[in-house]
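Q: Sharing a structure with you now.
Just so you know, all these numbers are worked out from the coordinates, no wet-lab data involved. Fair warning: this is a prediction, and the values are worked out from it, not measured in the lab. Heads up, the Cβs are rebuilt from the backbone with ideal geometry, glycines too, and the neighbour counts pull from every protein chain shown.
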Amino acid sequence: MGMTDPIADMLTRIRNATRARHESVGVPWSRTKEEIARLLVAEGFLQEVRKLKSKERVGDELLIQLKFDREKQPIISGLKRISRPGRRVYVGATEIPPIRGGLGLNILSTPKGILADREARKANVGGELICSVW
């Protein structure tokens with residue numbers, strides 16, 4: 001039986017790996033997961049993302065390098081899945097909520113691709129609110 005919410009699985013793996021102070025975490029590859037991870041790298045929450053050929057499983061794998069500060073505290077202090085398979089959440093460009101007074105980040109799936117909340121407001125597009133990161 002397949003996984004019902006692969007994006008939530010990726011977010012949970014990242015959350016667990018940061019709390020356990022791992023340097024990297026591997027997740028099964030999908031185009032959407034890669035776009036979300038690359039957006040988190042661009043926004044400074046993750047260090048690096050690489051697509052690898054999986055040795056033991058069929059399909060590719062994303063290797064996500066996590067980012068920590070000088071005291072070995074994770075840069076990501078929270079990840080929350082907003083829209084999920086049982087309850088999709090859609091917002092317009094003017095309805096995108098701020099996260100932690102602008103210190104956090106909402107990730108949206110828009111007609112122009114996977115965008116951060118600031119980019120979506122700038123492009124004046126709304127979409128499905130995938131997750132929040134702070």
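Q: Please determine, in degrees from 0 to 90 and to the nearest 10, the orientation of helix 31-42 with respect to the longest principal axis defined by the Cα atoms of the chain, where the helix direction is its Cα long axis.
A: 80 degrees
Q: Just rank MET3, MET10, fewest to most, by other beta-carbon atoms within 10 angstrom.
A: MET3, MET10
Q: Size of the dipole of the range 6-66 about the Cα centre, Lys and Arg at +1 and Asp and Glu at -1 on the beta carbon, nothing else charged, in debye to 20?
A: Working: 12 positive and 9 negative charges, 27 e Å.
Roughly 120 debye, rounded to the nearest 20.
Q: If you line up the long axis of helix 6-19 against the longest principal axis of the chain, both from Cα atoms, how many degrees apart are they, to the nearest 10?
A: 70 degrees
Q: Show that you can apply the helix-only estimate: for the chain, add -39,500 (n - 2.57) for every DSSP H stretch of four or more residues, divide by all residues, and state [θ] at 222 nm to the nearest 500.
A: After summing the helix terms and dividing by the residues of the chain, the value is -7500 deg cm²/dmol.
Q: Each label point is 7 Å from the Cα along the Cα-to-Cβ direction; what then is the distance between the points at ARG19 and THR4, in nm?
A: 2.1 nm
Q: Could you give me the ³J(HN,Hα) list for the range 107-119, computed from phi with Karplus coefficients 6.51, -1.76, 1.60 and θ = phi - 60°, whole Hz, x at Gly and Pro?
A: Computed from phi, the couplings for the range 107-119 are 10, 10, 9, 10, x, 9, x, 7, 10, 6, 4, 5, 5 Hz.
Q: Excluding the sites themselves, what is the longest stretch of the chain that contains no GluC sites (Glu not before Pro) in a DSSP loop with at most 11 other C-beta atoms within 10 Å?
A: On the way: sites that count: GLU23, GLU56, GLU71, GLU95.
Here the longest run is 96-134.
Q: If R0 is 41 Å, what FRET efficiency do you get for ARG118 and ARG57 from their C-beta distance, rounded to 0.05? Intermediate results must be reported in sequence, preceding the final value.
A: Working: r = 36 Å, r/R0 = 0.87.
FRET efficiency, ARG118 to ARG57: 0.70.
Q: Cut-off is 10 Å between beta-carbons; in what order do LYS67, LYS55 appear when sorted fewest neighbours first? Numbers along the way, then the final one.
A: Values: LYS67 17, LYS55 6.
Ranking LYS67, LYS55 by Cβ neighbours within 10 Å, fewest first, gives LYS55, LYS67.
Q: Number of Lys-Lys pairs in the chain under 24 Å by Cα, sequence gap 8 or more or different chains?
A: Value for the chain: 16.
Q: If you don't mind, another one. Using all Cα-Cα distances in the range 79-133, what percent lands in each 5 angstrom bin from 0 up to the longest?
A: Spelled out per bin, shortest first, that is 5, 23, 36, 24, 11, 2.
Q: Can you tell me the Rg and Dmax of the range 6-66, counting just the alpha carbons, in angstroms?
A: 10.8, 32
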